[in-house]
1. Can you pull out the residues in the stretch 369-406 that are within 18 Å of residue 143 (Cβ to Cβ), surrounded by fewer than 21 Cβ atoms within 10 Å (Cβ to Cβ) and out of contact with any helix residue (DSSP H, G or I) (no Cβ under 8 Å at 6 or more places or on another chain)?
2. Among the numbered criteria (1) at pLDDT 90 or above; (2) over 30 Å from residue 307 (Cβ atoms), which single criterion is violated by residue 446?
3. Here are some conditions: (1) free of Cβ contacts under 8 Å to residues at least 60 places away in the same chain; (2) closer than 29 Å to residue 196 by Cα. Residue 121 meets all but one. Which one does it not meet?
4. Among (1) surrounded by 23 or more Cβ atoms within 10 Å (Cβ to Cβ); (2) assigned to a loop (DSSP other than H, G, I, E, B); (3) at pLDDT 95 or above, which single condition is residue 214 missing?
5. Taking the condition of being farther than 18 Å from residue 286 by Cα and not in a loop (DSSP other than H, G, I, E, B), how many residues in the stretch 93-139 meet it?
6. From the residues in the stretch 168-182 that are surrounded by fewer than 23 Cβ atoms within 10 Å (Cβ to Cβ) and assigned to a helix (DSSP H, G or I), which one is nearest to the chain's Cα centre (by Cα)?
7. Being crowded, with 21+ Cβ neighbours inside 10 Å and either closer than 22 Å to residue 355 by Cβ or out of contact with any helix residue (DSSP H, G or I) (no Cβ under 9 Å at 6 or more places or on another chain) (or both) is the filter here, so list the residues in the stretch 110-127 that pass it.
């Protein structure tokens, strides 16, 4: 492997990105020494009542807190300031005062299957923390055994899709909102997929350096929930360039030439809006599924030949509407020529601040136990780390200015005391895709935007890519997708496309003796 960076002890970087928790929600009650965290002195006031930060955070929320751009603006700046802000102006000063008011009133995450706002006794749930040792024993064990970062922020104060685009391209191409079905269809058109203004994703940068990469997704559960969001990118075909986490441990036992591996969870009930039955740790789903995925990923790496020269980054795409006590900071805009377009950035965001703090735990046998890192990071730090290790270069001004993680690799020799197995999740994982958990009823209508509709368009992109450009087939696929109106129809289409992709992957694997560069 050709490396130009100064850190020669790492051959394999792994990133596991989960969903929607703030740092304080997961780690303020961990009692890990040295962390900057919320205390009972931190509070929000709403309708004359004071809601303080404290214990009692539920493992699964009763309703989904808001996390669209307008929601986060209110959470960080308060409702009055949020209502007065003009598009394309600097982000207002933050005081983190609007988390409760937003949770009590926002309808941005309302779906047909989850139509209710939280009740008054539930308003304060957005302010509460989880008991880390008892509710999150897996990630707690890793945080205390390796390194925890208490200044890792989401890349923007907004939702999942733009933040996940940032980890792959140090930009969201101007997006600050969750895309709608029509918007996604424009970039998932034949021969396209989501592209960055720079023309390069992190996967392109690795390929240009002659470095191989690989993508895994947790496909235990809903078929739709097992579609990785990264396969929305141009050049990445779901099922062909992506792999099931079920083969991860065995893959690591053989030759594993992949410098970079990106791992996504199963998102569970993406159409019903509860995300239950998955492993993403989305707020309405139990944290146990994600704890199980973390355990699976770590133990596979730890018990493989790559362990001694590996780096595992576990982080979260955004804060999910949960309170955090640390105010956001000024950020370097990507400055990559992305358009200023209110149709994809309704708040007129200038990408001049980071989002809310999110958890980040860094694992390597070259990291001392009990490391607490206060360095400022965002998702562009993944690209900065790959550049420090492998000389991959930068994609935008954001990753050019981002801090890499390489300073954490301070040991001259790998540790020999790292656990081979981790604690078990605190709750039994219910992963079966049952009708009670997953919305598969043909009568349930599709939403207009959000993760579920995004995954449907990824399926259409995949289906089209597998036609190899036949115009008649492409037209038939487009007509079929347009006719899909219900959750049941979408699930059936997901099974159909997944079967096609699996056949294409089998043919590809059988046609080449060398591992494909993916």
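1. 372, 374
2. (1)
3. So the condition that residue 121 fails would be (2).
4. Residue 214 satisfies every listed condition except (2).
5. Matching residues across the stretch 93-139 total 11.
6. Across the stretch 168-182, the extreme among qualifying residues is 181.
7. Matches in the stretch 110-127: 125, 126, 127.
One line per residue, one yes/no per condition, for (1) in a loop (DSSP other than H, G, I, E, B); (2) within 22 Å of residue 312 (Cα to Cα); (3) within 19 Å of the chain's Cα centre (by Cα):
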| site | (1), (2), (3) |
| --- | --- |
| 225 | no, no, yes |
| 241 | yes, yes, yes |
| 247 | no, yes, no |
| 268 | yes, no, yes |
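The values are calculated or read from the model by the stated rules, or taken from the named source; none is laboratory data. Being a predicted model, the structure only gives us computed values, none of them experimental. All Cβ positions, glycine included, derive from the backbone under ideal geometry; neighbour counts span all protein chains shown.
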